[in-house]
Every structure is written in C-alpha cells, then in structure tokens.
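Chemist: The structure follows.
The values are calculated or read from the model by the stated rules, or taken from the named source; none is laboratory data. These figures come from a predicted structure and were not determined experimentally. No Cβ is skipped: glycine too gets one built from the backbone with ideal geometry, and neighbour counts run over all protein chains shown. Heads up: the accessible areas ignore ligands, DNA and RNA and are worked out on the full protein's heavy atoms, side chains in. Shrake-Rupley method; radii C 1.70, N 1.55, O 1.52, S 1.80 Å.
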Amino acid sequence: MTLDRTPAAGRSRAPQALRQSSLRESNLAALVAAVCRADVPPSRADLATELSVTRATASRLADELVDAGILDEVTREQVGPGRPARPLMGGERIVGLGLSVDTERLVVRAVDLRGRVVVERSCPTPPGDASAVLEALGSLADEVESSLEGRIVVGAGVAVPGVVADRSLLVRAPNLGWSEVDVPSHLPLVAGRRAVVCNEADLAAAVEAQPSPGRAGAWSDFVLVTAGVGVGGAVVAGGRVVEGEHGAAGEIGHVCVDPH
C-alpha cells in the first residue's frame, strides 16, 4: 500500500484548477464557434447573449482570442449614437493547408478561418512511385507555406483517391496504382506536423456540409457522388461524414455489381 503524500491543500486545489481551465477552454471554443457560424459578424454583446455569459466574460474571452489572432475585429457602420460595436470574424492569420493527390495534378491551398482561399499552388503529377509523388507534394506545400507572410498554419490534410484507414494508411488507390502506402511517412512534415489523410470524396462531402469553418451548409443529410478518372462517393448524416468501420462508407466505385 502506498500513501498519497500530497498536502491536503494541494489535493483540494488541483481539481479546482483543472475545472477552471476546462471551463475557460470550453468557453473560448464556444465563442469561436459562435463567431464562425454567424451569418453577420457578432459583437461582444451579441456573443454574451447567445452564450448566456456576462458581457464582461464575453469581452475578456474575445480580447484573448483577438490577441492570439484567432479572431479579428472588423468595422461596422454606426447607425446611432453611442460607442460603435466592434464585430468579430474568424482570424485571417490562422490557416489550414489542404493537399490533394490526383492522377494528373497535385494541388495545395491555404484556407483561413473565414473559409477563404489565401494561397493556392498546383503542378502536374510527376512520374514515379508514391515516394516521388508525395515528395513533390511536400515541396509544393513548402512553397505555399513560405508565401503565407506571417500567417500561422495549424494543420494539414491530404485528399487521396482511395480507401484510407486510421487517417494515414492509403489501403488502395487503383487509379494511382498504390497499395498499402503510409502517406505521412513518405510526406515531409507540413508546418512541423504530420498531415491527416482522408479520402477525397469524404473531404469534398465535408466541405459541402460545412462550406467554411463552423458554418453549416444547405444540407445536413446527403450522398455525394464523384465521377472523373474513377467513381467515388461519400455519405453525410447529421452534418457529419460517415466513414464506416473500414473507412469505405459511400465508396460506390468499390462495390461489385452483378449485371444479371
């Protein structure tokens, strides 16, 4: 039997500190989500009402997020007397990178928290195996990152035309001739991070379900079908992409069909 030798005062403070930290993070996340999904840029007073917090709390959280570049203040025309409101929008400095591999082209684009494309670069898919193609994709991502002029890259995702397992392993991509490729291990780090790998149709469906970060699209339940060099598909239910047990939900191009 071992004894907990932490002083009683220490034991009482740690859970309280944890709860306060979790509450703060939850409130920050809720405020960012409220700003991103708003049709009209909300003020701090608007956010206080929507989130059922005091104006002082909403203002303090908003100031912290503005200082971090996660939110931006924008101007709004003043229509009456009094101090003008300072509406908030998703930050221009925060971007995510989207990388795409196809049979003909490689594409990399940076998108900010308002859902706007900041930078985009593309090039023909080079000949060679998966290692050569993914190395070229990494170089293209480096080119995009170097042109972002002080913006902060918070993550990267790779769209591939095939079945993906565990957000990293490309199980099979017939059009590319790839099988069992651990994409992140062949792809140089993007902004110091390993990229997340997903099926291209799933990502296309995710964009339809959420055209910009935090803002729901016109449909919450639908099936998306893609047709190009190959046939793909994705299922969205309740605004979320259904991946299935093996990551192949909606992949109608991989369904065997008996013509009789």
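Chemist: Just one of the numbered conditions (1) open to solvent by less than 30 Å² (accessible area, probe 1.4 Å); (2) at pLDDT 95 or above is not true of Gly69; which one?
Modeler: Condition (2) is where Gly69 drops out.
Chemist: Within the stretch 233-247, is even one residue free of Cβ contacts under 8 Å to residues at least 24 places away in the same chain, closer than 24 Å to Asp102 by Cα and more than 14 Å from the chain's Cα centre (by Cα)?
Modeler: yes
Chemist: Further question: Filter the stretch 176-229 for residues that are part of a helix (DSSP H, G or I) and under 20 Å from Glu251 (Cβ atoms) and give the result.
Modeler: Val183, Glu200, Ala201, Asp202, Leu203, Ala204, Ala205, Ala206, Val207, Glu208, Ala209
Chemist: Do we have Leu148 as in a loop (DSSP other than H, G, I, E, B) and open to solvent by less than 40 Å² (accessible area, probe 1.4 Å) here?
Modeler: Taking the combined requirement at face value, the residue satisfies it.
Chemist: Continuing with the same structure: So how many residues does the stretch 219-250 have that are modelled with pLDDT of 90 or more, surrounded by fewer than 18 Cβ atoms within 10 Å (Cβ to Cβ) and touching a helix residue (DSSP H, G or I) at 6+ places or on another chain (Cβ under 8 Å)?
Modeler: Number of matching residues: 6.
Chemist: Do we have Asp4 as at pLDDT 95 or above and open to solvent by 40 Å² or more (accessible area, probe 1.4 Å) here?
Modeler: no
Chemist: Which is open to solvent by 20 Å² or more (accessible area, probe 1.4 Å) and at pLDDT below 95, of Gly138, Gly192?
Modeler: Residue meeting the stated conditions: Gly192.
Chemist: On to the next question. Just to check your reading of the model, which residue among Gly150, Gly157 is closer than 18 Å to Val196 by Cβ and either within 23 Å of the chain's Cα centre (by Cα) or free of Cβ contacts under 8 Å to residues at least 60 places away in the same chain (or both)?
Modeler: None of the others qualify; the one that does is Gly157.
Chemist: Answer yes or no as to whether Val153 is touching a helix residue (DSSP H, G or I) at 6+ places or on another chain (Cβ under 7 Å) and not charged (D, E, K, R).
Modeler: Judged against the criteria, Val153 is a match.
Chemist: Out of the stretch 109-131, which residues are surrounded by 12 or more Cβ atoms within 10 Å (Cβ to Cβ) and at positive phi?
Modeler: Gly115
Chemist: Report, by residue number, each residue of the stretch 248-260 that is free of Cβ contacts under 8 Å to residues at least 60 places away in the same chain and touching a Gly at 6+ places or on another chain (Cβ under 8 Å).
Modeler: Within the stretch 248-260, Gly250, Ile252, Gly253 meet the criteria.
Chemist: Same structure, new question: For the stretch 81-111, how many residues meet the condition of being of a type in the set (Asp, Glu) and either more than 22 Å from Gly177 (Cα to Cα) or at pLDDT 95 or above (or both)?
Modeler: The number of residues fulfilling the criteria is 1.
Chemist: Which of the residues that make up the stretch 102-134 are β-branched (Val, Ile, Thr), without any contact (Cβ under 8 Å) to a residue 12 or more places away in the chain and over 30 Å from Ile70 (Cα atoms)?
Modeler: none
Chemist: What number of residues in the stretch 99-145 are part of a loop (DSSP other than H, G, I, E, B) and within 28 Å of Gly217 (Cα to Cα)?
Modeler: Total satisfying the criteria: 5.
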